[in-house]
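**Student:** The following block contains the structure, expressed as structure tokens.
The values are calculated or read from the model by the stated rules, or taken from the named source; none is laboratory data. In this text the structure is predicted, and so the values were computed from the model without any measurement. No Cβ is skipped: glycine too gets one built from the backbone with ideal geometry, and neighbour counts run over all protein chains shown. When the accessible area is computed, the model is the full protein with side chains, heavy atoms only, and any ligands, DNA or RNA have been set aside. Shrake-Rupley method; radii C 1.70, N 1.55, O 1.52, S 1.80 Å.
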2 protein chains.
Amino acid sequence: MSETQQTSTERRLGQNGIIQPLLTDLYQITMAYAYWKSGKTKDCAVFDLFFRKNPFQGEFTIFAGLEECLKFLTKFHYSASDIEYLKEILPSGIEDEFYEYLTTVSAKDVRLYAMAEGSVAFPRVPLMRIEGPLIIVQLLETTLLTLVNYASLMATNAARYRIAAGNMKLFEFGLRRAQGPDGGLSASKYSYIGGFDGTSNVLAGKLFNIPVKGTHAHAYITSFSDFSELRNVYLEPNGGGTPRDLLQLALTCRKNLLPVFNMVSLEASEGELAALISFAIAFPEGFMALVDTYEVQRYPCRMNTVTTNTKSHNKYRSGLLNFCAVALALNDLGYRAIGIRLDSGDLAYLSNIARHYFTEISIKYNLPWFENLMIMASNDINEETILSLNEQGHKINCFGIGTHLVTCQRQPALGCVYKMVELNGYPRIKLSQDVGKVTMPGCKDAYRLYSESGHALVDLLQRSIEPPPEINKKVLCRHPFEESKRAYVIPSRVEKLLNLYWEAGQICLELPNLQQIKETVRNSLRTLRPDIKRNLNPTPFKVWKNDII
Amino acid sequence: MSETQQTSTERRLGQNGIIQPLLTDLYQITMAYAYWKSGKTKDCAVFDLFFRKNPFQGEFTIFAGLEECLKFLTKFHYSASDIEYLKEILPSGIEDEFYEYLTTVSAKDVRLYAMAEGSVAFPRVPLMRIEGPLIIVQLLETTLLTLVNYASLMATNAARYRIAAGNMKLFEFGLRRAQGPDGGLSASKYSYIGGFDGTSNVLAGKLFNIPVKGTHAHAYITSFSDFSELRNVYLEPNGGGTPRDLLQLALTCRKNLLPVFNMVSLEASEGELAALISFAIAFPEGFMALVDTYEVQRYPCRMNTVTTNTKSHNKYRSGLLNFCAVALALNDLGYRAIGIRLDSGDLAYLSNIARHYFTEISIKYNLPWFENLMIMASNDINEETILSLNEQGHKINCFGIGTHLVTCQRQPALGCVYKMVELNGYPRIKLSQDVGKVTMPGCKDAYRLYSESGHALVDLLQRSIEPPPEINKKVLCRHPFEESKRAYVIPSRVEKLLNLYWEAGQICLELPNLQQIKETVRNSLRTLRPDIKRNLNPTPFKVWKNDII
């Protein structure tokens, strides 16, 4: 690794302080003692970290969390206060020599092989293979699982939203509903990797250099009740000049718009307009407005529903009208508004209405860009909502997605496991009555074989000591559990999936930055046939083994 | 607050470093600028933090996360690097004065009222009421929601498991499947508050002084293949004396046990026994064994299922036999084993089998305690599993619960919201077509009215300026949305739910420790009628308002 690379790796080594060796299950430490007591400090083990089932009823997973795992290895060391705490909770009979041994523990004799972060991954193929002293490798288990499970789940979820949303913009808005602060921060990071365009989470923006997005909340609108609260209504035109009264301009524009919207001015909320004026003055070049604090619009072809207890207030249905008035007023001063956000109601319907008016206004005022104003939707969106909106036909350009994305509501945990497959050179196996839970013994490598068209055909598992499959040569692949299923594959490209990232106490492969990992996700997904990626009844990808394993 | 109290509060003020002012949505900051630009720095607002629906199809919620919110207020301050980052991402036209204003921002003019942490809470009753300068109070929104939502969800989930499990022991084992490291740590903390007896998470034990539990994994068993790997087989008897060969003792015991188990010695795994011997030597006073690495036991009244691909290995069905042999050998040396853990299979059935053998052995060897050995179960348990096991009849004493608990699989997010209810002394309202989403305007207080028997009858919302309801006096309570529903209540006890925790820049009520919060959960739940707490179709608790609100 060159010196510059080293520095760039190190600069990113900051990590949440709670990621430390004691962030583990107690049984790892009791096992460490029992191994130590049995004289097994020199035993060498190989563990595979893998999952058995793709999440979200899908047929692919995105591997993520590798950089965090490597950072953890870098600082894997028990502090004096850790040892002191362990002495308190472990039985008093435990020898001091064991605690002395623990203080010497580090990851320097560990080797970690892994897939590239951001790769598409499949069941039973190791995401990581960890080799080294049995005790140490066992002590790493829980923390590595914690760092991989949620990161991969989140990246996979985001990638699925990206597939559903096609070219629409996607922003992660989930911090407030995430599973704790770090859940929120990880969600921002891994949803960006998985295919999102940005986040509302400012800290994620700062720490990971992710684009951040945000406008205003309903509270901003309700904090204004009339024009008298506008302490300033003047805005300087774009490019300079005498400031002009934006409120008067907007009121004039609104008056002209009333017939377009088939409305009377009594239906328009004064507080809402005041709020939008003040927001436009603050952000004349980035004016984006939440338009559903009262009602978006008089429904032109539906009954106006009246909710009994909202009393007099619900006469307002001016979100769209007020926005358009302010947008036109801004236009008079040389600024182009960005668009609107819809946070409730029938999103397909409302987006069509909004686009309809944008188009009418665009024609009436000869402002072609007005037709293409952004329509962002952000109320309780999930993958299915997007697919359903696509079917209904909508005019949304952009989604802000919270709860369902960041908590992975459809399946909130990925089930990665960490299984010993070899000890002192001999294969080990964990048996189970459940075929799917039987581990494949031995130190294995994994190869992805590609067709001439660039599509991934199969992931092939084989013993690490065997020669890799070769390009343009026939490879016999066998189903892992059904003896009768076998096939010859002639790969046009062979990708070695597991590469050495950690050896001799340091990271030994250059780590990609977030942008590059995001690119890996995109490229890796591109190699999958569409039927493997589709939402409904996707085809499983083949994970087979060679003849010997 | 006395000096000792102050110190004890401060000792606990350490907090995850990522909890900082930028852990928020960008729109809070853009709104802050728009407010500032509109001259609203002196505006005073009241916000309610509340939820609209209890989680898990239940009818109660446990409020948690208060201490974390208060810690956050303590350190609410934008650093120079925060400001620098904001300058990068916000429009270039923003005045330097705004950034100067941001550097002066703190929570010193904020007042925070809250329910006691650990209280039972209901929809629409504020968990917290936050008063202060509009801009500041708005800037706190996202972080407060993040800190309350998952904490309360987790504590509620744990409390539900506790209700389902009655007096059984409950341990949280979910770190590896949690949503990130902090998700795992928070899960340990809030499941303990909600009613769990401990966790496997060592760091949670260290930071929060929670009991930690753990034995060993399947890997420990598979790391031994025969007796030759036992480098030491000698164990000193309890209380001292000449060390004796535990393996020989166990082999003798096992021979004697074969007829009890109706087995032949070929069915017993040598590696498994070796592993258990080594573990018993390491933990003679805390011997607890995982018994399902191969098979727990020859099924006495079912066919032994043979899985085709496990080949010769599955002849072993010795988990229980090997455990009992080692437990009896330990008994010969004066030690009492703790019990077994079952991590797969039909838990009700296997627990009955295990208890059956424990009882037989207890009689045969006249060891009454053997009958009561602990049986812990830990495979993919959720609230419904526990209820179903209860119905089937089982002999489990203790559950280790992971994924479903920590990710709150049944509903992975609580939907707390943060709504402005008053501005500069005037009530504000957010209207919605959805009645359930309409906020109750005004600065409110909440009182819980209790019957003579100590049961909570109703939570009463009323304006803060009104006098509180009085004991033994008739109180008119009205349904919040249905005008016709009203009732008189004569409370035997009145509890003011919202108390002032933060004022003048500091915590102004003594904070309970974790143990006390756990006690609050228990006591608070005890005041609820059983039909409100039950799993199936629980009765909603009444949240009503007085005549004026």
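**Student:** From B:PHE323, B:PHE287, B:PHE279, which residue is at pLDDT 95 or above, touching a His at 6+ places or on another chain (Cβ under 9 Å) and of a type outside the set (A, V, I, L, M)? Give the derivation first.
**Tutor:** Values: B:PHE323 fails: touching a His at 6+ places or on another chain (Cβ under 9 Å); B:PHE287 fails: touching a His at 6+ places or on another chain (Cβ under 9 Å).
Only one candidate qualifies: B:PHE279.
**Student:** So, in the range B:171-181, exactly how many residues are open to solvent by less than 10 Å² (accessible area, probe 1.4 Å), within 8 Å of chain A (Cβ to nearest Cβ) and in contact (Cβ under 8 Å) with a residue 12 or more places away in the chain?
**Tutor:** The number of residues fulfilling the criteria is 3.
**Student:** Within the range A:149-170, can you find the residues that are outside any helix (DSSP H, G or I) and open to solvent by less than 10 Å² (accessible area, probe 1.4 Å)?
**Tutor:** The answer is A:LEU170, and nothing else.
**Student:** Considering only the range A:344-367, I want to know if a residue exists there that is touching a strand residue (DSSP E or B) at 6+ places or on another chain (Cβ under 6 Å), at pLDDT 95 or above and at positive phi.
**Tutor:** Checked the range A:344-367: no residue is touching a strand residue (DSSP E or B) at 6+ places or on another chain (Cβ under 6 Å), at pLDDT 95 or above and at positive phi.
**Student:** Take the residues in the range B:495-515 that are over 30 Å from B:VAL105 (Cβ atoms) and touching a residue at least 40 places away in the same chain (Cβ under 8 Å); name whichever of them is least open to solvent (accessible area, probe 1.4 Å).
**Tutor:** Looking at residues that are over 30 Å from B:VAL105 (Cβ atoms) and touching a residue at least 40 places away in the same chain (Cβ under 8 Å), I get B:LEU514.
**Student:** Continuing with the same structure: How about the range A:87-97: which of its residues are among the hydrophobic types (A, V, I, L, M, F, W, C) and surrounded by fewer than 17 Cβ atoms within 10 Å (Cβ to Cβ)?
**Tutor:** Once the filter is applied, which keeps residues that are among the hydrophobic types (A, V, I, L, M, F, W, C) and surrounded by fewer than 17 Cβ atoms within 10 Å (Cβ to Cβ), the range A:87-97 yields only A:ILE89.
**Student:** Just to check your reading of the model, which residue among B:LEU276, B:LEU249 is within 17 Å of A:THR30 (Cα to Cα), more than 9 Å from chain A (Cβ to nearest Cβ) and not small (Gly, Ala, Ser)?
**Tutor:** Just a single option satisfies the conditions, and that option is B:LEU276.
**Student:** Those residues that are farther than 14 Å from A:LYS395 by Cα and assigned to a helix (DSSP H, G or I), I need them from the range A:369-384; list them, please. Break it down into steps so the answer makes sense when it comes.
**Tutor:** From the range A:369-384, those farther than 14 Å from A:LYS395 by Cα are A:369, A:379-384; that's our starting set.
A:TRP369, A:GLU383, A:GLU384, listed by residue number.
**Student:** Against the conditions (1) more than 18 Å from B:PRO441 (Cα to Cα); (2) of a type in the set (A, V, I, L, M, F, W, C); (3) more than 12 Å from every other protein chain (Cβ to nearest Cβ), where does B:MET154 fall short? Just the number, please.
**Tutor:** Here B:MET154 meets the rest and fails (3).
**Student:** How many residues does the range A:173-210 contain that are within 8 Å of the chain's Cα centre (by Cα) and not polar (S, T, N, Q)?
**Tutor:** Residues that pass the stated criteria total 8.
**Student:** Which of the residues that make up the range B:11-32 are more than 8 Å from chain A (Cβ to nearest Cβ) and surrounded by 20 or more Cβ atoms within 10 Å (Cβ to Cβ)?
**Tutor:** B:PRO21, B:ALA32
**Student:** Of the residues B:GLU84, B:GLU67, B:GLU59, which single one is open to solvent by 10 Å² or more (accessible area, probe 1.4 Å) and not in a helix (DSSP H, G or I)?
**Tutor:** Exactly one of B:GLU84, B:GLU67, B:GLU59 is open to solvent by 10 Å² or more (accessible area, probe 1.4 Å) and not in a helix (DSSP H, G or I), namely B:GLU59.
**Student:** Within the range A:362-393, work out how many residues are open to solvent by less than 70 Å² (accessible area, probe 1.4 Å), within 14 Å of chain B (Cβ to nearest Cβ) and more than 18 Å from A:LEU536 (Cβ to Cβ).
**Tutor:** 4
Here's the yes/no breakdown for (1) among the aliphatic types (A, V, I, L, M); (2) under 19 Å from the mean Cα position of the chain (by Cα); (3) more than 11 Å from every other protein chain (Cβ to nearest Cβ):
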| position | (1), (2), (3) |
| --- | --- |
| A:ALA34 | yes, no, no |
| A:GLY39 | no, no, no |
| A:PHE56 | no, yes, yes |
| A:PHE60 | no, yes, yes |
| A:PHE63 | no, yes, yes |
| A:PHE72 | no, no, no |
| A:TYR78 | no, no, no |
| A:GLU88 | no, no, no |
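Okay, residues lined up against (1) within 19 Å of A:VAL264 (Cβ to Cβ); (2) open to solvent by less than 10 Å² (accessible area, probe 1.4 Å); (3) charged (D, E, K, R):
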{"position": "A:TYR316", "(1), (2), (3)": "yes, no, no"}
{"position": "A:LEU320", "(1), (2), (3)": "yes, yes, no"}
{"position": "A:ASN331", "(1), (2), (3)": "no, no, no"}
{"position": "A:ARG341", "(1), (2), (3)": "no, no, yes"}
{"position": "A:HIS356", "(1), (2), (3)": "no, no, no"}
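**Student:** Consider B:ALA107 carefully, then state whether it is among the hydrophobic types (A, V, I, L, M, F, W, C), open to solvent by less than 10 Å² (accessible area, probe 1.4 Å) and within 14 Å of another protein chain (Cβ to nearest Cβ).
**Tutor:** When the stated conditions are applied, B:ALA107 does not pass them.
**Student:** I would also like to ask the following. Take the residues in the range A:394-426 that are of a type in the set (Gly, Ala, Ser) and assigned to a loop (DSSP other than H, G, I, E, B), then tell me which one is surrounded by the most Cβ atoms within 10 Å (Cβ to Cβ).
**Tutor:** If we filter the range A:394-426 for residues that are of a type in the set (Gly, Ala, Ser), which is where we start, we get A:400, A:402, A:413, A:415, A:425.
Among the residues that remain, those that are also assigned to a loop (DSSP other than H, G, I, E, B) are: A:402, A:413, A:415, A:425.
Numbers: A:GLY402: 24, A:ALA413: 22, A:GLY415: 18, A:GLY425: 9.
Ranking the qualifying residues of the range A:394-426, first place goes to A:GLY402.
**Student:** Answer yes if at least one residue in the range B:99-111 is part of a loop (DSSP other than H, G, I, E, B), farther than 30 Å from B:PRO538 by Cβ and among the hydroxyl-bearing types (Ser, Thr, Tyr), and no otherwise.
**Tutor:** Within the range B:99-111, one or more residues are part of a loop (DSSP other than H, G, I, E, B), farther than 30 Å from B:PRO538 by Cβ and among the hydroxyl-bearing types (Ser, Thr, Tyr).
**Student:** Another question, if that's okay. What are the residues in the range B:33-45 that are open to solvent by less than 10 Å² (accessible area, probe 1.4 Å) and in a strand (DSSP E or B), if any?
**Tutor:** Residue satisfying the conditions is B:ALA45 alone.
**Student:** I would also like to ask the following. So which pairs qualify, if the first residue must be in the range B:183-208 and more than 22 Å from A:LEU147 (Cα to Cα) and at the interface with chain A (Cβ under 10 Å from one of its Cβ atoms), the second must be part of a loop (DSSP other than H, G, I, E, B) and among the charged types (D, E, K, R), the Cβ gap must be under 9 Å, and the two must be at least 6 apart or on different chains?
**Tutor:** B:GLY198/B:LYS213
**Student:** Scan the range B:320-348 residue by residue and report those that are part of a loop (DSSP other than H, G, I, E, B) and in contact with a Gly (Cβ under 7 Å, 6 or more places away or on another chain).
**Tutor:** B:GLY334, B:ILE338
**Student:** Residues that are open to solvent by 10 Å² or more (accessible area, probe 1.4 Å) and over 26 Å from A:ILE135 (Cα atoms), at least 3 per element: which helices (runs of 4 or more DSSP H) completely within the range B:182-267 meet that?
**Tutor:** Ranges flagged: B:246-261.
**Student:** Another one. Is it the case that B:LEU145 is in contact with a Phe, Trp or Tyr (Cβ under 7 Å, 6 or more places away or on another chain), open to solvent by less than 10 Å² (accessible area, probe 1.4 Å) and part of a helix (DSSP H, G or I)?
**Tutor:** yes
Yes/no per residue for (1) in contact with a Lys or Arg (Cβ under 7 Å, 6 or more places away or on another chain); (2) in contact (Cβ under 8 Å) with a residue 12 or more places away in the chain; (3) buried (at least 20 other Cβ atoms within 10 Å of the Cβ); (4) not assigned by TED's automatic domain parsing to the domain that holds A:PHE60:
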site	(1), (2), (3), (4)
A:TYR447	yes, yes, yes, yes
A:PRO469	no, yes, yes, yes
A:LYS473	no, yes, no, yes
A:SER484	no, no, no, yes
A:ASN523	no, no, no, no
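**Student:** Within the range A:453-471, can one find any residue that is away from chain B (no Cβ under 13 Å) and at positive phi?
**Tutor:** Scanning the range A:453-471, I find at least one residue that is away from chain B (no Cβ under 13 Å) and at positive phi, so the answer is yes.
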